[in-house]
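A quick write-up on the structure given underneath.
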Amino acid sequence: VILWTRTTPADARDVVHGSWRIAKDPALRHVVARGRFRTDARRDHTVKLDVDRLRPGTTYYYRFECDGHASPIGRTRT
């Protein structure tokens, strides 16, 4: 599964650090993978993650977090 997002820092020159997680449930309690990311203006503050080792035919829920903000919970299916 490829997870993708874009951040919008207050200063476009800023480097943004954040985290992500993917879980089996919409409350994100049963986390199956997680990690950290870094992005900057060279990448237009985008984040693209290739999450592997997920079970086929399964629905997963994910969220990105950075600078004290959390994205809405997304849903994907393998």
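The values are calculated or read from the model by the stated rules, or taken from the named source; none is laboratory data. Predicted model only: the values in this text are computed from it and were never measured. Heads up, the Cβs are rebuilt from the backbone with ideal geometry, glycines too, and the neighbour counts pull from every protein chain shown. Accessible surface areas use protein heavy atoms only, side chains included; no ligands, DNA or RNA. Shrake-Rupley method; radii C 1.70, N 1.55, O 1.52, S 1.80 Å.
For first residues located in segment 1-21 and over 17 Å from residue 63 (Cβ atoms), partners that are in a strand (DSSP E or B) and of a type in the set (Val, Ile, Thr) and lie 6+ apart or on another chain with Cβ distances below 6 Å form the pairs 9/16.
Annotation: of all residues in segment 53-78 being part of a loop (DSSP other than H, G, I, E, B), farther than 15 Å from residue 18 by Cβ and of a type in the set (D, E, K, R), the one that is most open to solvent (accessible area, probe 1.4 Å) is 53.
Each residue in segment 22-40 was checked for being within 16 Å of residue 55 (Cα to Cα), more than 14 Å from the chain's Cα centre (by Cα) and in contact (Cβ under 8 Å) with a residue 12 or more places away in the chain, and 2 of them qualify.
Is one or more of the residues making up segment 11-23 surrounded by 13 or more Cβ atoms within 10 Å (Cβ to Cβ), in a loop (DSSP other than H, G, I, E, B), among the hydrophobic types (A, V, I, L, M, F, W, C) and on the phi < 0 side of the Ramachandran plot? No, segment 11-23 contains no residue that is surrounded by 13 or more Cβ atoms within 10 Å (Cβ to Cβ), in a loop (DSSP other than H, G, I, E, B), among the hydrophobic types (A, V, I, L, M, F, W, C) and on the phi < 0 side of the Ramachandran plot.
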